[in-house]
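Here the structure is laid out as structure tokens; the discussion comes afterwards.
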Amino acid sequence: MRAFTQFGSLLVGAARRRAAPGLAPVAVASRLRAAEGLAPLVVAVGLWALAMPNVDTTRMTDLGLISVLPPQVPLAILLIVASAAWHLRRDSVSVPFLTLHLVALVFLLYAMPTVVEAQPRFAATYIHVGISEYISRTGSVAPGLEARFDWPGFFILASFLSQASGFHSTMDLAGWAPVYLNLMYLGPLALIFRSITRDTRLVCAGLFLFELTNWVGQDYFSPQGLNYFLFLSIIGLVVTHFRTLKPASDRFREWLGARRRGARLLTSLYSLTAPEQLPAEDQPPQRQAGLIIAIVVIFAFVAFAHQLTPFFTVAALLALAAFNRITLRGLPILLGVVAVVWVSYMTVPYLSGHLAQLAQDFGQIGKSVGANVSGRVGGSPDHRLVVTLGIVFTLSLWIAAATGFLVRFRDGRRDLSMVLLAAAPVPLVAAQAYGGELVLRLYLFTLPFMAILASGVVYGRPQALPSRLRTCGIIAVCAAITLGFLVTRYGNERMDIMTTSEVLGVQQVYKIAPPGSLLVSPSGNLPWRAQGFEQYTYISQTYDILAGKPADLVNLMRTAGRPHSFLILTASQEAEAELFNGMKPSEWDAFVNQIIASSDFKLVYQNADTKVFELRSPAAAAPDSIADGTATMAASMQATPLLGFGVES
Amino acid sequence: MTTTVTHLTTRTLLSNSYDGLSTTIGIAVIGILALLLLVREFAPLLRGSAPGDTRALDMAIVPLLIVFATIVIARMAELLA
Amino acid sequence: MSPGRPAPMSPDGQAGHKPRIRTAPVDPGKAGRGARVNPGKDAAIEKALRRAGVPSGRAWELIKERDRLTMAGESRGDPAAPATGVSTKRIGAVSAASCGLAIAAAELSGSVIGAIPGAIFDAALAALLLILFAWRPQTAPGRMLPMLALVALIRPVSLAAAVPAVGPLAWYALAGVPLITGAVLATRLVEDPSRELHLRIERPRLDAEMVALGVPAGLVGYLLLGPTPLLAHANAVGYFVMVAILVVFGGMLEELVFRGLVQSAAVRVFGGTGAGVIFTAALGTALYWGSGSIPYLFLMALVGCAFGLALLRGASLWGIALSHGLMLVTMAFLAQGLARQV
């Protein structure tokens, strides 16, 4: 904010100088320095803004968005990072200056798809919009329809916000979600980082690194995106206001000292595992009580809004309490009770269908890791490169974090809380594969702590300012990180993008298909279910049907017993088949031609990216099941692999 | 025969489904557990007392945690059955 | 006391990691009945002692010793120490009796409006008592409040922990495990558990007599109550498990709670052995209300008074717990045996 003011006063000053040439030369010099500092930022934003309209997403390859990005875009990002890194060399750093850079960086990194794509990305976004639309329309939730209704907090909030703010639908909130969510994360992240250091340089470096390495893309319009912010808020409040100043108990240390054999070793080991922390700010008990209530209320919402985040939160707090880092020793138990109560009482519709499978997966670490890591390396060569780069990127950050910890450790700083918070989510991998996504979530939940620890490699010692050479090295590394980020985060963009043609095509389906119809698609990667959530039966059949004959598909659609059945094929499904299944474009075309040639299907709608076929002479419908929307959706739950813990939410 | 299991207890247990029991008395017990856990965090703050003073609360919290675990396991077992 | 262990609860319910001491001598004109210690002063004394080379644990022991001497002076009527007034004792007794009545009312309401609402009332009462004690441990009934809270928890725990599908015998264990855990944790509030809870065997002969009393009491109990068999399929293992469960979660649990924890607190609060024993026996009897047999209630009241008096005359808690367990085992065996014959 001060930088804005400086910039403004500079302009005003220039005007005044014209009017009053006798202005003090010191003030002029300082304003000129401010202008110099902001120049790279202005240039970067200008470069980016001029380059983005030239991005043609139709030419995208399997490497994703980077394949069509003009070089000015990564250059603009690098310019901002370099400007900030250069500023961090100063004796006294300006927080507003760095904040401005951080905000610009978030915008440049996360607004890219929103600016170049006309419609919100990700198929899951449309499902989330559909669930919110259902809640707005009916004023209730329907746990029997979809697993996500069992954790409806986010959807209810989105529905309320869209109505309260006068938006036409929650879709209006979805487009810019990555930008505002990443901006929201900065506040609690700064709180967390400031709990271990008062060094602004390290805090800012941690924030920059977090934004540059948040490639997993969970910050879209989703329960995970919002609940991640709440997770960070809870951790931020706890480590800021309830950290113990002196976790090492003198009496325990004395007791250890009283043992003769190995006393010194034991005492030093104990001191290592229970180092002192920065003193927490003194606060009246009433305020602390209020903060505890706030934490519990926030967590209650988290338990009500997401499947995974409550357990990550409890694991993090449990680690802090177990190592005596916080005064609220009973808080993890209380929050654990809240989380388990929600799951065991309020998600019965989901659990009754999935508990056996969840119990089976419990403890299968090999299977979980396999599904999360090796299971993802497949598909087209470019896609394999993207996935491999993601793994390398992740491992590099974790290694850097370990190095940063050692650098600070050698300097006498024990960032035990950050290490504990980074390690706490790891055991959850043993509990669930989460549809092959748990390692991604693990990365997400460890990222803040890994980022601050990794920043310690360069900025870990407050007394040692980085030299010019070292700063150049930092900028070079940041260039590599930026390129890595663009590849890993937007590597699946060919599939994640939802074109206007596709969205219009799917909207057309809802106009053509009467309620009660069966809607079938080779995969769930299309912008459907954003409306009429409960009025249709949805089957996304995986790509197995592409290998079979159209006759098999016809049988499948007829056995569903709907009066009208429609098959929807879109460009993003084709992209997914090519990226993940290694299918060649000619194979997809052959499949589409087979459908067109089949006498069982009639093409009822098509545009550039969408084709909609209606099944001729579908089976006679069973009247009871058609009338009951819940029954039709329950049937689809059996067939849809998207549902359950494997959901992208 | 004992204070824990009387005729009234037996009759109540046999005349209600487990779902019914766990959503009435089960919820009440869990609510009390949550309340006591919250008070446990507040007690040292508002009284300025030492952590050892929460022993009386622990005396109820630990049994209620065991009951809570029993309820959750029983509910899961019922769903699996 | 070991340095790692927090200081136990003093008789008037003052708890604390750091035992509190009176700031004697006290000007009677300035220090009223409610003259309380400065909690920071103990820490300062402890710090000074440690600086003088006294280990931390020993320092706390010295502070506690001083506290005890001051308390002894207070009870002897030492004018330097603020005495606990008669009215405070009366308030304590009335409060404890009211709480006991509330628990009894919750039990009675169970048979009128349903066991579940009664148990919910009990649970709320337990929470209230504990919160009150946590908030102001120095209130008149002192340690009695958490002990009564434990009694109030019996009904909600027994209803919430028991799973109908597993059979009646398991209910004793499912309800007993949490309650016995709570009772064991409650002993931490007792200053000298071994003495106050009568855990030492001092009169083995009296203990043996009490144990022997269990069998005839069980016979009478069976005749009055007519319990149903606990085992669906009786075999050696089943009998062994039944005996173990009834002795541990029946006899030992109830005697630890009522004769051990409640009676020791009640004797202090009511200021007399008779009142304490009767209060405890009456409270225990109220919890048998759900058995549905008035004669059995009378028997349990009688047994409760006998156990309470025996305890005060030198019997150990182990003896009467075993006696209670034997009584239950006799009743269960009779029920089982007669059921087989039928």
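Counting the residues of the range A:179-202 that are among the β-branched types (Val, Ile, Thr) and at pLDDT below 95 gives 3. Among the residues making up the range C:137-148, those that are buried (at least 24 other Cβ atoms within 10 Å of the Cβ) and either touching a helix residue (DSSP H, G or I) at 6+ places or on another chain (Cβ under 6 Å) or in the same structural domain as residue C:271 (by TED's automatic domain parsing) (or both) are C:141, C:143, C:144, C:145, C:146, C:147, C:148. Whether a residue is without any contact (Cβ under 8 Å) to a residue 12 or more places away in the chain, open to solvent by less than 10 Å² (accessible area, probe 1.4 Å) and over 16 Å from the mean Cα position of the chain (by Cα) was assessed, and residue C:134 passes this test.
The condition of being in contact (Cβ under 8 Å) with a residue 60 or more places away in the chain and either buried (at least 19 other Cβ atoms within 10 Å of the Cβ) or out of contact with any Ser or Thr (no Cβ under 6 Å at 6 or more places or on another chain) (or both) does not hold for residue A:164. Suppose the filter is open to solvent by 10 Å² or more (accessible area, probe 1.4 Å), modelled with pLDDT under 95 and within 7 Å of chain B (Cβ to nearest Cβ); does residue C:111 pass it? Spelling it out, residue C:111 is indeed open to solvent by 10 Å² or more (accessible area, probe 1.4 Å), modelled with pLDDT under 95 and within 7 Å of chain B (Cβ to nearest Cβ).
Go through the residues of the range A:301-321 one by one and say whether even a single one is assigned to a helix (DSSP H, G or I), surrounded by fewer than 19 Cβ atoms within 10 Å (Cβ to Cβ) and free of Cβ contacts under 8 Å to residues at least 60 places away in the same chain. Looking for residues that are assigned to a helix (DSSP H, G or I), surrounded by fewer than 19 Cβ atoms within 10 Å (Cβ to Cβ) and free of Cβ contacts under 8 Å to residues at least 60 places away in the same chain, one finds none in the range A:301-321, hence no. For the range C:245-288, the candidate set comprises residues that are part of a helix (DSSP H, G or I) and of a type in the set (Ser, Thr, Tyr); within that set, the residue that is most open to solvent (accessible area, probe 1.4 Å) is C:273. Considering each residue of the range A:428-446 in turn, none proves to be within 13 Å of residue A:206 (Cα to Cα) and among the aliphatic types (A, V, I, L, M). Can you find a residue that is modelled with pLDDT under 90 and surrounded by fewer than 16 Cβ atoms within 10 Å (Cβ to Cβ) anywhere in the range A:380-390? So far as the range A:380-390 goes, yes, one or more of its residues are modelled with pLDDT under 90 and surrounded by fewer than 16 Cβ atoms within 10 Å (Cβ to Cβ). Residue-level check: of (1) more than 8 Å from chain B (Cβ to nearest Cβ); (2) part of a helix (DSSP H, G or I); (3) open to solvent by 10 Å² or more (accessible area, probe 1.4 Å), residue A:324 misses just (2).
So that you can scan it fast, the table gives a plain yes or no per residue for (1) under 23 Å from residue A:149 (Cβ atoms); (2) open to solvent by 10 Å² or more (accessible area, probe 1.4 Å); (3) assigned to a helix (DSSP H, G or I):
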residue	(1), (2), (3)
A:526	yes, no, no
A:533	yes, no, no
A:561	no, yes, no
A:567	no, no, no
A:576	no, yes, yes
A:579	no, no, yes
A:592	no, yes, yes
A:596	no, yes, yes
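Considering B:40, B:11, B:55, the condition of being closer than 30 Å to residue A:283 by Cα, part of a helix (DSSP H, G or I), without any contact (Cβ under 8 Å) to a residue 12 or more places away in the chain and among the basic types (Lys, Arg) is satisfied by B:55 alone. Of all residues in the range C:173-197, those that are more than 18 Å from residue B:33 (Cβ to Cβ) have Cβ atoms under 7 Å from Cβ atoms of residues that are charged (D, E, K, R) and open to solvent by 40 Å² or more (accessible area, probe 1.4 Å), 6 or more apart or on another chain, in C:194/C:200. The single condition from (1) out of contact with any helix residue (DSSP H, G or I) (no Cβ under 6 Å at 6 or more places or on another chain); (2) touching a residue at least 40 places away in the same chain (Cβ under 8 Å); (3) more than 11 Å from chain B (Cβ to nearest Cβ) that residue C:207 fails is (1). Looking only at the range C:289-304, residues that are within 13 Å of another protein chain (Cβ to nearest Cβ) and assigned to a helix (DSSP H, G or I) come to 11 in all. Suppose we filter the range C:151-203 for residues that are open to solvent by 40 Å² or more (accessible area, probe 1.4 Å), within 9 Å of chain B (Cβ to nearest Cβ) and over 17 Å from residue B:58 (Cα atoms); how many remain? So the count comes out to 4. In the condition set (1) away from chain B (no Cβ under 14 Å); (2) in a helix (DSSP H, G or I); (3) open to solvent by less than 50 Å² (accessible area, probe 1.4 Å), residue C:234 is compliant with all but (2). Residue count for the range B:58-73 under the criterion of being surrounded by fewer than 24 Cβ atoms within 10 Å (Cβ to Cβ) and at the interface with chain C (Cβ under 7 Å from one of its Cβ atoms): the result is 4.
Residue count for the range A:391-421 under the criterion of being buried (at least 23 other Cβ atoms within 10 Å of the Cβ) and in a loop (DSSP other than H, G, I, E, B): the result is 1.
The values are calculated or read from the model by the stated rules, or taken from the named source; none is laboratory data. Please read all numbers here as calculations on a predicted model, not as lab measurements. Because the Cβ atoms are built from the backbone with ideal geometry, glycine has one as well, and the counts that use them run over all protein chains shown. With ligands, DNA and RNA removed, areas are computed over all heavy atoms of the protein, side chains included. Shrake-Rupley method; radii C 1.70, N 1.55, O 1.52, S 1.80 Å.
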